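A.B. asks: Could you have a look at this structure, given as structure tokens, before my questions?
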Amino acid sequence: MFILGDTAYGSCCVDVLGAEQAGAQALIHFGPACLSPPARPLPVAFVLRQRSVALELCVKAFEAQNPDPKAPVVLLSEPACAHALEALATLLRPRYLDLLVSSPAFPQPVGSLSPEPMPLERFGRRFPLAPGRRLEEYGAFYVGGSKASPDPDLDPDLSRLLLGWAPGQPFSSCCPDTGKTQDEGARAGRLRARRRYLVERARDARVVGLLAGTLGVAQHREALAHLRNLTQAAGKRSYVLALGRPTPAKLANFPEVDVFVLLACPLGALAPQLSGSFFQPILAPCELEAACNPAWPPPGLAPHLTHYADLLPGSPFHVALPPPESELWETPDVSLITGDLRPPPAWKSSNDHGSLALTPRPQLELAESSPAASFLSSRSWQGLEPRLGQTPVTEAVSGRRGIAIAYEDEGSG
């Protein structure tokens with residue numbers, strides 16, 4: 001038995017890389033989990049924390065927020081409170097006729113048969129919808145959070161629910177300890193406004209840094225190739241950076257990058273940036289899709305997708321890039337940040353790699369077309385350079401002696 005206590009990326013993902021290094025044949029994941037499918041077929045068992053829920057207080061809070069007994073409502077919760085949802089629904093069903101209970105979407109065991117019909121799976125949860133019903137028809141009642149939380153906006157699990165839920169449906173939350181409720185409409189509006197701002201920043205960007213935020217979640221390679229194709233089609237240059245967990249000090253080494261896109265699990269992509277000292281914004285893959293694909297979003301789509309797998313071919317939410325002759329690429333677009341008119345991007349084939357490396361000059365010279373090189377040439381100080389033959393020859397002179405706090409030639413005063 002091995003205890004894996006440290007992860008290279010988010011601790012909510014199954015550490016299949018550490019399990020492979022230890023030669024493990026199975027893995028037990030303790031604590032919070034994003035429930036993203038692992039990249040490798042490894043048997044995984046989840047042990048979630050179970051938090052006590054005051055059912056009577058939650059029932060009163062639900063009745064106060066939902067006076068109409070015929071209104072369709074979904075019961076949601078943080079993973080630690082999921083064990084109490086069925087008991088809560090049992091107390092509510094005598095009065096409420098259209099009640100739906102969600103459950104954690106644990107990955108299916110390797111080799112197991114999927115149930116038929118498969119329930120809808122979104123936001124890391126399963127929704128047993130009746131035939132002909134859609135999730136966009138339901139309001140939401142979320143059990144979770146804490147009265148002691150300094151900032152509820154820092155909860156990535158609740159953030160992905162608020163971003164992806166239908167804007168026209170009510171969404172309320174309830175503290176499982178006190179039964180205190182809150183209408184989450186204002187918080188959802190703030191989150192969507194922030195995401196729209198990030199989309200505008202991505203549209204203005206010329207250089208995009210793609211941060212590899214996971215190596216253990218399924219389809220991360222396909223998602224990385226998809227994002228690179230998006231940036232290329234939009235006429236942007238992209239760099240793939242594998243830095244582990246992003247920090248301001250790491251990302252400050254790439255000043256030529258305009259925006260960063262974190263390719264991670266849904267909770268990792270929406271994780272709060274507590275330091276607030278990042279020089280450039282960090283986006284989720286959905287925001288880059290909205291910025292680079294002129295055919296986005298498809299009709300009837302919820303405002304935000306939280307998992308990069310929803311953007312890939314085979315997903316019902318996938319939207320293919322328009323052909324190069326499409327008029328969508330020529331649509332005038334004005335930046336809402338700078339007020340400038342954005343030029344239409346030149347559509348480039350993803351198979352033409354040579355055109356990305358060399359660009360002909362009028363004098364028939366070949367020069368490397370690199371945003372990083374042009375950014376460096378525009379800086380007044382470009383680092384220590386030999387400058388051989390460009391500086392006069394002088395004799396060496398004695399420099400200062402001592403330490404920076406007190407050199408020998410400085411006075412003691």
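A.B. asks: Only one of VAL53, VAL16, VAL44, VAL59 is under 28 Å from ARG134 (Cβ atoms) and β-branched (Val, Ile, Thr); which?
C.D. replies: VAL59
A.B. asks: If only one of ALA186, ALA242 is in the same structural domain as VAL259 (by the TED database), farther than 26 Å from GLY314 by Cα and open to solvent by 50 Å² or more (accessible area, probe 1.4 Å), which one is it?
C.D. replies: ALA242
A.B. asks: Same structure again: Is there any pair linking a residue in segment 326-344 that is among the hydroxyl-bearing types (Ser, Thr, Tyr) to one that is part of a helix (DSSP H, G or I), with Cβ under 9 Å and at least six apart or on different chains, and which?
C.D. replies: Hits for this filter: SER335/GLU200; SER335/ARG203; SER335/ASP204; THR338/ASP204.
A.B. asks: Return only the number of the condition from (1) outside any helix (DSSP H, G or I); (2) in the same structural domain as ARG126 (by the TED database) that PRO41 does not satisfy.
C.D. replies: (2)
A.B. asks: Let me ask something additional. Please work out if LEU224 is assigned by the TED database to the domain that holds GLY268 and part of a strand (DSSP E or B).
C.D. replies: no
A.B. asks: Please enumerate the residues belonging to segment 86-98 that are aliphatic (A, V, I, L, M) and open to solvent by 20 Å² or more (accessible area, probe 1.4 Å).
C.D. replies: If the condition is that a residue be aliphatic (A, V, I, L, M) and open to solvent by 20 Å² or more (accessible area, probe 1.4 Å), then ALA87, LEU91, LEU97 are the ones that fit.
A.B. asks: Look through SER36, SER52 and report the one residue that is more than 25 Å from the chain's Cα centre (by Cα) and either among the hydroxyl-bearing types (Ser, Thr, Tyr) or under 21 Å from ALA309 (Cβ atoms) (or both).
C.D. replies: Exactly one residue qualifies, and that residue is SER52.
A.B. asks: Turning to a different aspect of this structure: State which residue is modelled with the lowest pLDDT when the search covers only segment 245-284 and only residues that are open to solvent by 20 Å² or more (accessible area, probe 1.4 Å), in contact with a strand residue (DSSP E or B) (Cβ under 9 Å, 6 or more places away or on another chain) and farther than 20 Å from ASP157 by Cα.
C.D. replies: Restricting to residues being open to solvent by 20 Å² or more (accessible area, probe 1.4 Å), in contact with a strand residue (DSSP E or B) (Cβ under 9 Å, 6 or more places away or on another chain) and farther than 20 Å from ASP157 by Cα, the top hit is PHE278.
A.B. asks: Check whether at least one residue in segment 172-191 is assigned to a helix (DSSP H, G or I), under 21 Å from CYS12 (Cβ atoms) and touching a Pro at 6+ places or on another chain (Cβ under 8 Å), and report yes or no.
C.D. replies: The answer is no; no qualifying residue exists.
A.B. asks: Of all residues in segment 44-58, how many are assigned to a helix (DSSP H, G or I) and open to solvent by 40 Å² or more (accessible area, probe 1.4 Å)?
C.D. replies: Total meeting the criteria: 3.
A.B. asks: Please pick out the residue among THR214, THR247, THR231 that is assigned by the TED database to the domain that holds CYS286, within 16 Å of GLN280 (Cα to Cα) and β-branched (Val, Ile, Thr).
C.D. replies: Result of the check over THR214, THR247, THR231: THR247.
A.B. asks: Can you tell me which residue in segment 199-215 is most open to solvent (accessible area, probe 1.4 Å), limited to those that are among the aliphatic types (A, V, I, L, M) and farther than 18 Å from PRO167 by Cβ?
C.D. replies: Checked segment 199-215; the qualifying residue most open to solvent (accessible area, probe 1.4 Å) is LEU215.
A.B. asks: May I ask you to say which residue of ALA8, ALA89, ALA71 is touching a residue at least 12 places away in the same chain (Cβ under 8 Å) and not in a loop (DSSP other than H, G, I, E, B)?
C.D. replies: So the residue among ALA8, ALA89, ALA71 that is touching a residue at least 12 places away in the same chain (Cβ under 8 Å) and not in a loop (DSSP other than H, G, I, E, B) is ALA89.
A.B. asks: What do you reckon, is THR247 in contact with a His (Cβ under 7 Å, 6 or more places away or on another chain) and under 23 Å from ALA33 (Cα atoms)?
C.D. replies: No; evaluated as a whole, the condition is false for this residue.
A.B. asks: If you check VAL257 against the conditions, is it outside the structural domain of LEU163 (by the TED database), in a strand (DSSP E or B) and under 30 Å from THR331 (Cα atoms)?
C.D. replies: When the stated conditions are applied, VAL257 does not pass them.
Residue by residue, here is whether (1) over 28 Å from TYR138 (Cβ atoms); (2) modelled with pLDDT of 85 or more; (3) under 25 Å from the mean Cα position of the chain (by Cα); (4) crowded, with 18+ Cβ neighbours inside 10 Å holds:
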position: THR7; (1), (2), (3), (4): yes, no, yes, no
position: GLY10; (1), (2), (3), (4): yes, no, yes, yes
position: GLY23; (1), (2), (3), (4): yes, yes, no, no
position: PHE30; (1), (2), (3), (4): yes, yes, yes, no
position: GLU63; (1), (2), (3), (4): no, yes, no, no
position: ASP68; (1), (2), (3), (4): no, yes, no, no
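A.B. asks: With the checklist (1) open to solvent by 40 Å² or more (accessible area, probe 1.4 Å); (2) under 30 Å from VAL53 (Cα atoms); (3) part of a loop (DSSP other than H, G, I, E, B) in hand, flag the one item ALA166 doesn't pass.
C.D. replies: Status for ALA166: all satisfied but (1).
A.B. asks: While we're looking at this one, here's another question. Run down SER77, SER36 and say which single residue is of a type in the set (Ser, Thr, Tyr), assigned by the TED database to the domain that holds SER103 and closer than 24 Å to PHE106 by Cα.
C.D. replies: Going through SER77, SER36 in turn, just one is of a type in the set (Ser, Thr, Tyr), assigned by the TED database to the domain that holds SER103 and closer than 24 Å to PHE106 by Cα: SER77.
A.B. asks: Test each condition in (1) within 27 Å of LEU267 (Cα to Cα); (2) part of a helix (DSSP H, G or I) for ALA61 and report the one that comes out false.
C.D. replies: (1)
A.B. asks: For segment 74-85, which positions are open to solvent by less than 20 Å² (accessible area, probe 1.4 Å) and under 27 Å from the mean Cα position of the chain (by Cα)?
C.D. replies: Listed by number, the residues that qualify are VAL74, LEU75, LEU76, SER77, ALA80, CYS81.
The values are calculated or read from the model by the stated rules, or taken from the named source; none is laboratory data. None of these values were measured; they are calculated from a predicted model. In this analysis, Cβ positions are derived from the backbone assuming ideal geometry, glycine residues included, and neighbour counts consider all displayed protein chains. These accessible areas exclude ligands, DNA and RNA; they are computed on the full protein's heavy atoms, side chains included. Shrake-Rupley method; radii C 1.70, N 1.55, O 1.52, S 1.80 Å.
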